[in-house]
Amino acid sequence: MFRNATLGKKIGFGFAMMSILTIIVGLAGYFGLTRVLGEVEFYKNTNMIESTIASVKENTDQYFLHNYDEVRKEQEAARRQAFARIEEGEKLINELINSSTVGESEREKIADAMRELAAYKNVFTKYVASEVKKIEAARKARNISSDLTKQIIKGDLWVDEMSAANQILTADSITYFNRPLESVWQKVTADLGKSKKAVDYWYKRVENSDELRAIGNAMKGLRKDFESTLSQYHTEVLNQKKYQVLMDKHKENIVNACAALGRTSAEKLQKQARSSLIWIFSVIAAALLIAVLYSVITTRGIVGGIMKVIEDLSDASEQVTAASGQVSSASQSLAEGTAEQASSIGETSASLEEMSAMTKQNADNASQADHLSNESLANLKNANASMKALIQSMEETSTASGNVAKIIKTIDEIAFQTNLLALNAAVEAARAGEAGAGFSVVADEVRNLALRSAEASGNTQELIKDIIQKIEAESGLVKETDERYRDVFLSVDKVAGLVKEISAASSEQAQGIEQVNKAVAEMDKVTQQNAANAEESASASEELNAQAEQMIGIVKDLSALVGGSSKGSGIGDQGPGITGDQK
């Protein structure tokens, strides 16, 4: 049935089949790309979780560092940011675990990360509560120390040793509040023993005085409360160290879980990409194979039928060619058309002259355009050189800003060391008693200046980082602009080449039109000769009519093959009419 179908139906069926194959290939690519995009989304979400966990660690570290009274606001801000990042991480993990693209193994790993993050949050909450207890204990200890100092002053007699011990204890306690190290706590413990010994010794000396004995009892109570408060503070310090170890452990587990998810996601992404490519190329190969087979079969069927008609047509055309040579050289219709052709040739000659003038003008314009494009090319070269100089200048500026940032960091380290020295000086001044009171004031001022220097250097460092980021962003924009200049430079260079080719083509066109003018003159001569030979066509008319009838029959067969039999019948009906008219 398909072999007997018309040529139009065969071609139409081929186009329909190719359209269907194209749709199949497109759908295969779409579904493959959809799966790959799902894996990409999973990989992106995993990276976002890792980034959020890193931010949590950064904020908690800032919270640990801001444990001085002067930076409590920064500590509270770091705490809020840490909990906000933890909540953000929980939200991302919940969204990821509920995603339809997550498999069972990935869901288990995500659940592990969620549990570790919840444990991290719980431990950090305990750490914050412990920090609140520490702050309260430190405040209470300072108040008790102040009350104890007032009682010592009331004692009046034999209080020098007790006052010195209390000052040393107070100074070491403040040091421990700022730097809760075990070595400092050992000194505080020793100071507590010395203070207790001094108070007990003073109490024995004044216990016979009712007034001083009451003061002594108050001193003992305050000293005991002070020792209890310091012990509570030390307990919270030890708890916080445990909490930090647990937080580091949970954070490491979260990072490991996210890293495992990242590796799994990357492997799935690569696997899905490979399978999608294999599927797409397999469908394409199958479509190509089907198309090639169909084209071969269809071509053979079409060519086989046409070749038979062509063979018959070739035999008849040899006879028609011999007769048509005489008819074309001497037919009467050619004689009538020769006069019209002569008139047309005259008009054509005039038009060619106008075209010649316009072509010369185009050649001149093309030459001017070539000159202008060369000037534009030179200007773009200069602009490109200026842009490279600008990029180099911005890179040097960025390098200089980085060096300044290193200097600021050095100043910040010096300020930190100065602060430590000032604290040590304050302790030594406290131990020296009244003789070191002035030196203690100077040490406090030096410490304040060191803190201000650290704060100023930190602000300056942030500004320099911001400047470096802006310079890098501007450098990127300048580089992008340089790339655009290069593209414009290449485009102008191509335009210049095209203009040169247009100029050369216009010159050649002008020469060609001159040759056409000469050819038109020759055609005029040939036309006159054709008019003289028109009468010779009558003798070949009868032979040409016989061959024409045979040719019409062959054309009918070819028309039926392509599905146009009605047109072939019309041609066949006209054959006898033409013969009668020519006779």
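Against the numbered list (1) hydroxyl-bearing (Ser, Thr, Tyr); (2) at pLDDT below 75; (3) under 30 Å from Leu288 (Cβ atoms), Ser51 comes up short only at (3). Pick from Ala84, Ala16: which is under 29 Å from the mean Cα position of the chain (by Cα), at pLDDT 75 or above and assigned to a helix (DSSP H, G or I)? The match here is Ala84.
Each row is one residue, and each column tells you yes or no for (1) over 47 Å from the mean Cα position of the chain (by Cα); (2) at pLDDT 70 or above; (3) surrounded by 12 or more Cβ atoms within 10 Å (Cβ to Cβ); (4) under 30 Å from Ile20 (Cα atoms).
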{"site": "Lys220", "(1), (2), (3), (4)": "yes, yes, yes, no"}
{"site": "Lys224", "(1), (2), (3), (4)": "yes, yes, yes, no"}
{"site": "Lys242", "(1), (2), (3), (4)": "no, yes, yes, no"}
{"site": "Lys251", "(1), (2), (3), (4)": "no, yes, yes, no"}
{"site": "Ser265", "(1), (2), (3), (4)": "no, no, yes, no"}
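Yes or no: Gln270 at pLDDT below 75, over 30 Å from Gln550 (Cβ atoms), outside the structural domain of Ala505 (by TED's automatic domain parsing) and polar (S, T, N, Q)? Taking the combined requirement at face value, the residue satisfies it. Within segment 128-148, residues that are within 20 Å of Gly221 (Cβ to Cβ) have Cβ atoms under 8 Å from residues that are surrounded by fewer than 19 Cβ atoms within 10 Å (Cβ to Cβ) and among the polar types (S, T, N, Q) in these pairs: Ala137/Gln232, counting only partners at least 6 apart in sequence or on another chain. Considering every residue within segment 146-169, establish whether at least one is within 60 Å of the chain's Cα centre (by Cα) and surrounded by 14 or more Cβ atoms within 10 Å (Cβ to Cβ). For segment 146-169, residues within 60 Å of the chain's Cα centre (by Cα) and surrounded by 14 or more Cβ atoms within 10 Å (Cβ to Cβ): present.
Does segment 36-43 contain any residue that is at pLDDT 65 or above and farther than 30 Å from Ala450 by Cβ? Explain how you work it out, then say what you get.
The first filter runs over segment 36-43 and keeps only residues at pLDDT 65 or above, leaving none.
No, every residue in segment 36-43 fails to be at pLDDT 65 or above and farther than 30 Å from Ala450 by Cβ.
The C-beta contact set for segment 421-447 (first residue surrounded by 15 or more Cβ atoms within 10 Å (Cβ to Cβ), second residue outside any helix (DSSP H, G or I), distance under 9 angstrom, 6+ apart or interchain) comprises Leu423/Arg179.
Report whether or not Ala190 is within 30 Å of Ala422 (Cβ to Cβ) and either β-branched (Val, Ile, Thr) or surrounded by fewer than 19 Cβ atoms within 10 Å (Cβ to Cβ) (or both). Please lay out each step first, then the result.
Numbers: within 30 Å of Ala422 (Cβ to Cβ): yes; either β-branched (Val, Ile, Thr) or surrounded by fewer than 19 Cβ atoms within 10 Å (Cβ to Cβ) (or both): yes.
In short, yes.
Among the residues of segment 509-530, some residue qualifies, meaning at least one is modelled with pLDDT under 80, hydroxyl-bearing (Ser, Thr, Tyr), over 30 Å from Met162 (Cα atoms) and in the same structural domain as Asn374 (by TED's automatic domain parsing).
The values are calculated or read from the model by the stated rules, or taken from the named source; none is laboratory data. This structure is a prediction, so every number in the text was calculated from the model and none was measured. Methodologically, a virtual Cβ is constructed for each residue, glycine included, from the backbone with ideal geometry; neighbour enumeration extends over all protein chains shown.
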